[in-house]
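The values are calculated or read from the model by the stated rules, or taken from the named source; none is laboratory data. The structure presented is a predicted model; accordingly, all values stated were derived computationally and were not measured. Positions of Cβ are generated from backbone atoms using ideal geometry, with glycine treated the same way; all protein chains shown enter the neighbour counts. Surface areas here come from the heavy atoms of the whole protein model, side chains and all, with no ligands, DNA or RNA. Shrake-Rupley method; radii C 1.70, N 1.55, O 1.52, S 1.80 Å.
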Amino acid sequence: MAVETRRRRRSLGSQGITFWPERLAADPGRNPVASSLISISQTSRCGFGLLMYGFGSKKVLLEDFASTSLTDYGALVLNGYLPSINLKQVIIAICEMLQDQLKTSRKGSVRKKAKTQQPLSFQSMEDLLMFLNEQPSDDNESFVCLIIHNIDGPALRDFETQQYLARLASCSPVRVIASTDHVNAPLLWDKKMVHTQFNWCWYHVPTFAPYKAEGVFFPLILAGSSAAQSTKTALVVLQSLTPNAQSVFKVLAEHQLANVKEEGMPVNTLYTKCREKFLVSSQVTLNSHLTEFKDHELVKVRKHSDGQDCLYIPLTTESLERLLQELV
């Protein structure tokens, strides 16, 4: 496959996931630190996990490293600093990228195709990991690099999530490149996870860059969730969603502003309005958007006086108006 002439990315809902095509346009001069890391890409190709630590944001560093050193492989970026992450969607995305690579290289066996006949979204985490484990370990052409910003982020710190990430890292067609910032991050892993599954190779890369993206959600803890900060946080989350999801949110927000005294907007009413605007084609599509909103606490549910569930946005009128202005 020829090298792409420009870098392209597409986002996956609110999971903070970004895709790169299997060939990227290399630009070694873009970041001098990333250029100096090109030589360690061979370490990743040999099956080691790369863990970057040191003071300063490593987001730009890792993404530039991906665009210069991982030009021959598919890459997927997971923003671990987000407040909530659906790990199953991450694994599904990796399986889809790998399937595309196998189709292109024509190396997928008939047996494996039969086992993945069922849609990936309907398969369990165990089935997805089994599919990744079944790929040939000697195939150096088909693998996916998972780049995790802040593997020690709030949504990834629980032991179950780290266990799944470790099992994912041990799959032969997956390479993990991650960054960590918390001083106690190594306490997240046991000996087996560090030396066998993640198989970390540690790199001290202090960039001293400000934590602009990573720090967006943390001032909420210090500032007591002020109205201005809540609006800023909501805007960051909404901008990571698809245009359709943003439009659905706007319908709900406009209804709330026009009916301040009401307890909320019934789900059926929202569905009808979204259908009229051709934003959703079914209740299932709307529910998927609402799940994203609820996961990030953009939308909450409460009972109406007549007993039906109503949706509302937990922002003041002034904050909601400001949010809609900035979202345009």
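Quick notes
- For K191, the test of being free of Cβ contacts under 8 Å to residues at least 24 places away in the same chain and at negative phi is passed.
- Taken together, the residues in region 172-218 that are of a type in the set (A, V, I, L, M, F, W, C), open to solvent by less than 60 Å² (accessible area, probe 1.4 Å) and part of a loop (DSSP other than H, G, I, E, B) amount to 7.
- Residue within region 299-309 that is part of a helix (DSSP H, G or I) and modelled with pLDDT under 85 present: no
- Only one of the listed residues (L279, L241, L286) is open to solvent by less than 70 Å² (accessible area, probe 1.4 Å), part of a loop (DSSP other than H, G, I, E, B) and free of Cβ contacts under 8 Å to residues at least 40 places away in the same chain. That residue is L279.
- Residue that is modelled with the lowest pLDDT, among those in region 46-69 that are of a type outside the set (G, A, S) and surrounded by fewer than 16 Cβ atoms within 10 Å (Cβ to Cβ): C46
- Residue within region 299-321 that is closer than 20 Å to S240 by Cβ and open to solvent by 70 Å² or more (accessible area, probe 1.4 Å) present: yes
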